[in-house]
Amino acid sequence: MRRQHVGWVAGAAAAVLVAAGAITYAVAEDTGGPDGTKTPGAESADAGFARDMAVHHQQAVEMSYIVRDRTKNEEVRRLAYDIAQTQANQRGMLLGWLDLWELPKVSAEPPMTWMGMGDMASGKDGALMPGMATNTELRKLQSLSGKQAEVFYLQLMTDHHKGGIHMAEGCVAKCTVGVEKRLAQGMVDAQQSEIQLMADMLKARGAQAR
């Protein structure tokens, strides 16, 4: 059953990759460009979500490649590969939209300001946003191997997905670009499914989410 679920996740990841170009062009049609048509502002929810989720996704990619080197378990390696490929692709789209809108990829404001949560993002030990692993946790993941690495990765990624879902739901509520809102809702749906899959994988290893 878990093998079928992982296969479904792999199929979903492939579909996201195939659709990437179409989504980028759709955003261009949705918002126009530097010819005078309306584009999101630098402090908009659209821009804030694109900047923050690009950073959030980058850590998921990093953690996924770490665990692929720390275990031989094909189920975990396949899930990690799917997450890394999907989120790297989405990160590219988010940064590409900022280029399209001629907006900066960094902001002087704290992360999550666009959600009214700028005062909550302390950046303590490298965890810039909700769900992100700390530098200490990343080092621990790099030090583990086998089942221990699998369990810790699944726990970290479950937390990461929960934080990502919270951010994506914020974009669904606050963003104005239709295609970006739809991508955010797709993130919510996919990551909720992966959280359930990871719960099953943790249970099979005698563990649970933190």
Would you mind computing, in nm to one decimal, how far apart the modelled labels at ASP189 and LEU95 are, each placed 7 Å from Cα along Cα→Cβ? 2.7
Write down the accessible area per residue of the range 98-210 in Å², having rolled a 1.4 Å probe over the full set of protein chains. 48
Loop sites in the range 49-103: trypsin sites (Lys or Arg not before Pro), DSSP, at most 11 other Cβ within 10 Å: LYS72
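Net charge around GLU150, counting only other residues with Cβ within less than 9 Å of its Cβ (Lys, Arg = +1; Asp, Glu = -1)? Spell out each step's value before the answer.
Values: positive: ARG70, LYS147, ARG205; negative: GLU75.
Its environment carries a net charge of +2.
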Point-to-point label distance, ARG139-ALA199, nm (Cα→Cβ direction, 7 Å offset): 3.3
Cα→Cβ-extended label distance, 7 Å offset, between LYS124 and GLU75, nm: 3.4
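Take peptides 199-205, 170-176, 39-45 and line them up by average Cβ neighbours within 10 Å, highest first, as a rough protection proxy. Could the numbers behind the result be given before it?
Values: 199-205: 15.4, 170-176: 19.0, 39-45: 17.3.
Highest-to-lowest ranking by the protection proxy: 170-176, 39-45, 199-205.
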Rank-order 136-143, 181-188 by packing density, defined as the average count of other C-beta atoms within 10 Å over each peptide's residues, highest first. 181-188, 136-143
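The values are calculated or read from the model by the stated rules, or taken from the named source; none is laboratory data. On a predicted model such as this, the values are computed, not experimentally measured, just so you know. Reconstructed Cβ throughout: ideal geometry from the backbone, glycine too, with neighbour counts over all protein chains shown. We work out accessible area using only protein heavy atoms, side chains counted, and drop any ligands, DNA or RNA first. Shrake-Rupley method; radii C 1.70, N 1.55, O 1.52, S 1.80 Å.
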